[in-house]
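Participant: My structure is below; once you've seen it, I'll send some questions.
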Amino acid sequence: MHAPLRRGRKRRIIAATAAASLATPLLLAASATSAVAKPDPGKQGEKLARQLVEKAGADGAMRHLRAFQAIADARDDNRAAGSAGYDWSAKYAGTLLKLAGYEVTYQNFDFVYRETLAEKLSVLSPTQRDVPIKLMTYTASTPEGGIEAALATVPVDADGTTGCTADDFASGDFTGKIALVQRGGCTFADKQANAADAGAVGAIIYNNTEGDLNGTLGDASAGRIPTGGITQEAGEALAADVAQGTVTVNMEIREFHETRSTPNVIAETRGGDEDNVVMFGAHLDSVADGPGINDNASGSAGILEAALKLAKADRKGKHANKVRFALWSAEEVGLQGSEHYVTSLPEAEREKIALYLNFDMIASPNYGLFVYDGDDSDGVGAGPGPEGSAQLEHAINTFMRSQGEEPRGTDFTGRSDYGPFIEAGIPSGGTFTGAEGIKSEEEAALWGGEAGIAYDKCYHQACDDMGNVSKKALGVNVDVIANAVGNYAWDTSSLTEDVPFEPTKGTAGSGGGLHDHDHELAS
């Protein structure tokens, strides 16, 4: 038989028992509430995406475009990498991102700055005339006043690889002459190098489709002989003249080169899983010939608009994944900023990047609505992107169609900053509204605008200013960026889901990417 309890001890036991009986249902309730409250990443992503699409828009992006225009106006009318205009653009963007709460890094790297000094091609005989020509970035230069020589045509290959091998030059005498080569099949650098090996003193590459030909040799060390690009019409006319007899020309191609330093601007959220990074980028630099408002202040403005709206909508950084924004430098001279970034990352850090979306020229005045063809369903040009790229394309297409727009595919050509990411095996995608390629009748019927002229008639020119922008196209693409940022900030599981194979509907297909999009390395 137990001894009787003391009164104080008895009260403590009764109190403890009562507390336990009260606590048990509370703990159970808390446990149940916790299980219910655990956020569903997919739903959270959809919610955040809706908020960002509602808040972000063309008006906000236009404010950034006006700022970039003002910077160019005050700094020699351009924002080229290595210039004061670019440095101020980087400070403007970096300051806004830092004030919004992002961790901002200015990643400096050295590159060869370039400026155009002379671009002139004159036919001296048999009939005198001037032919517009654009030098290839990082070309070797002629003496001041140019070089005078006869043209020698490289026979056109049926397979579209003219000038890509030494054998293509074997049938003619190119020593001391300027080689006339059709575009296609290999890089411009390869074509001019093969011409140099054959004894040519210069190279003229003519387009194999409508529109001007802008290109780069990719690296300052690649330039062997002075090299420029002309239109298909001009090239075919010169080739026809050569077939009738000797054609003598004077070509003056001169470019200034100097090693300079320039920064990429990298901004990332303080929260989110560092082992699952979602990246969004655009190049910030212009060409030296103009302010670069469509190419590519438009993409940079879209990135800034989405990033700043994300910072306001998710102040506590509760999203699941690390979000990283990048504004690249020296894209216009061979994707050097994005290449430096990707190659400088340790392999372990590259593997943490779940996806990269690129936005280059998203406000072309005679726009198309092009989405990079991640699954190669159009069967044009390059193959598909790394695994996950098809899902990125599908998500953008689905969103744009939900907004009443009808996108079309554009080829992964490696001509913009997604290139280094694809090479590293990172799922990639993005949008593009067209460069100097010509808008077709079918595309004009689909999107409006004018058939038979370029998507951007001021591409790489001084007139690429605030008057060279479609606010409609800008708004559509800002919404694409905002939607993607919101969804992927929370959930990347869709990158492994099955999606339908999406060949281009109708005939308006992948023209935007096939035409001479900027900074082309491969011809």
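The values are calculated or read from the model by the stated rules, or taken from the named source; none is laboratory data. As the structure is a computational prediction, the values presented were derived from the model and not from experiment. For neighbour counting, all protein chains shown are included, and Cβ atoms are generated from backbone atoms with ideal geometry for every residue, glycine included. Heavy atoms of the whole protein, side chains included, go into the accessibility calculation; ligands, DNA and RNA do not. Shrake-Rupley method; radii C 1.70, N 1.55, O 1.52, S 1.80 Å.
Participant: If you go through segment 428-468, how many residues are part of a loop (DSSP other than H, G, I, E, B) and either without any contact (Cβ under 8 Å) to a residue 40 or more places away in the chain or open to solvent by less than 30 Å² (accessible area, probe 1.4 Å) (or both)?
Facilitator: 17
Participant: Residues GLY383, GLY409, GLY374, GLY379: which one is at positive phi and outside any helix (DSSP H, G or I)?
Facilitator: From the options GLY383, GLY409, GLY374, GLY379, the qualifying one is GLY379.
Participant: State all residues of segment 155-183 that are out of contact with any helix residue (DSSP H, G or I) (no Cβ under 9 Å at 6 or more places or on another chain) and either on the phi > 0 side of the Ramachandran plot or open to solvent by less than 20 Å² (accessible area, probe 1.4 Å) (or both); if no residue qualifies, say none.
Facilitator: The answer is GLY160, GLY176.
Participant: Hey, another quick one. Yes or no: PRO407 within 23 Å of GLY218 (Cβ to Cβ), in contact with a helix residue (DSSP H, G or I) (Cβ under 7 Å, 6 or more places away or on another chain) and open to solvent by less than 20 Å² (accessible area, probe 1.4 Å)?
Facilitator: no
Listed here are the residues, each with its yes/no results for (1) among the charged types (D, E, K, R); (2) part of a strand (DSSP E or B).
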residue	(1), (2)
GLY184	no, no
LYS191	yes, no
ALA196	no, no
ALA200	no, no
ASP212	yes, no
ARG224	yes, no
GLY228	no, yes
ALA234	no, no
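Participant: Oh, and also: Out of everything in segment 197-223 that is of a type in the set (A, V, I, L, M) and open to solvent by less than 20 Å² (accessible area, probe 1.4 Å), what residue ends up being farthest from GLY160 (Cα to Cα)? Spell out how you get there, then give the answer.
Facilitator: Initial filter on segment 197-223 (of a type in the set (A, V, I, L, M)): 198, 200-201, 203-205, 213, 217, 220, 222.
Imposing the further condition that a residue be open to solvent by less than 20 Å² (accessible area, probe 1.4 Å) reduces the set to 200, 203-205, 213, 217.
Numbers: ALA200: 21, ALA203: 18, ILE204: 17, ILE205: 13, LEU213: 16, LEU217: 19 Å.
If we take residues in segment 197-223 being of a type in the set (A, V, I, L, M) and open to solvent by less than 20 Å² (accessible area, probe 1.4 Å), then ALA200 is farthest from GLY160 (Cα to Cα).
Participant: Of everything in segment 236-277, what is surrounded by 15 or more Cβ atoms within 10 Å (Cβ to Cβ), part of a strand (DSSP E or B) and of a type in the set (Ser, Thr, Tyr)? Give them in sequence order.
Facilitator: Hits for segment 236-277 are THR248, THR262.
Participant: While we're here: Going through ALA297, ALA348 one at a time, which residue ends up being assigned to a helix (DSSP H, G or I), free of Cβ contacts under 8 Å to residues at least 40 places away in the same chain and of a type in the set (A, V, I, L, M)?
Facilitator: ALA348
Participant: Here's a follow-up. Among the residues of segment 495-516, is any outside any loop (DSSP other than H, G, I, E, B), surrounded by fewer than 24 Cβ atoms within 10 Å (Cβ to Cβ) and at pLDDT 95 or above?
Facilitator: yes
Participant: Test of understanding: among ARG75, ARG79, which residue is of a type outside the set (Phe, Trp, Tyr) and either closer than 12 Å to LEU284 by Cβ or surrounded by fewer than 16 Cβ atoms within 10 Å (Cβ to Cβ) (or both)?
Facilitator: Unique residue meeting the criteria: ARG79.
Participant: Which one of TYR356, TYR367 is closer than 15 Å to VAL480 by Cβ, open to solvent by 10 Å² or more (accessible area, probe 1.4 Å) and either under 15 Å from the mean Cα position of the chain (by Cα) or among the aromatic types (Phe, Trp, Tyr) (or both)?
Facilitator: Working: TYR356 fails: open to solvent by 10 Å² or more (accessible area, probe 1.4 Å).
Testing whether each residue is closer than 15 Å to VAL480 by Cβ, open to solvent by 10 Å² or more (accessible area, probe 1.4 Å) and either under 15 Å from the mean Cα position of the chain (by Cα) or among the aromatic types (Phe, Trp, Tyr) (or both) leaves just TYR367.
Participant: Quick one: count up the residues across segment 155-180 that are closer than 20 Å to PRO226 by Cβ, not hydrophobic (A, V, I, L, M, F, W, C) and not in a loop (DSSP other than H, G, I, E, B).
Facilitator: Residues that pass the stated criteria total 1.
Participant: Moving on. Determine whether LYS316 is surrounded by fewer than 24 Cβ atoms within 10 Å (Cβ to Cβ) and free of Cβ contacts under 8 Å to residues at least 60 places away in the same chain.
Facilitator: On the way: surrounded by fewer than 24 Cβ atoms within 10 Å (Cβ to Cβ): yes; free of Cβ contacts under 8 Å to residues at least 60 places away in the same chain: yes.
For LYS316, the condition - surrounded by fewer than 24 Cβ atoms within 10 Å (Cβ to Cβ) and free of Cβ contacts under 8 Å to residues at least 60 places away in the same chain - is met.
Participant: Spot the failing condition for GLU387; the list is (1) touching a strand residue (DSSP E or B) at 6+ places or on another chain (Cβ under 6 Å); (2) modelled with pLDDT of 95 or more; (3) surrounded by fewer than 19 Cβ atoms within 10 Å (Cβ to Cβ), and only one is missed.
Facilitator: Of the numbered conditions (1) touching a strand residue (DSSP E or B) at 6+ places or on another chain (Cβ under 6 Å); (2) modelled with pLDDT of 95 or more; (3) surrounded by fewer than 19 Cβ atoms within 10 Å (Cβ to Cβ), the odd one out for GLU387 is (1).
Participant: Listed residues ALA140, ALA152, ALA93; which is surrounded by 17 or more Cβ atoms within 10 Å (Cβ to Cβ), touching a strand residue (DSSP E or B) at 6+ places or on another chain (Cβ under 7 Å) and outside any strand (DSSP E or B)? Walk me through it before giving the result.
Facilitator: On the way: ALA140 fails: touching a strand residue (DSSP E or B) at 6+ places or on another chain (Cβ under 7 Å); ALA152 fails: outside any strand (DSSP E or B).
When all the criteria are applied, what remains is ALA93.
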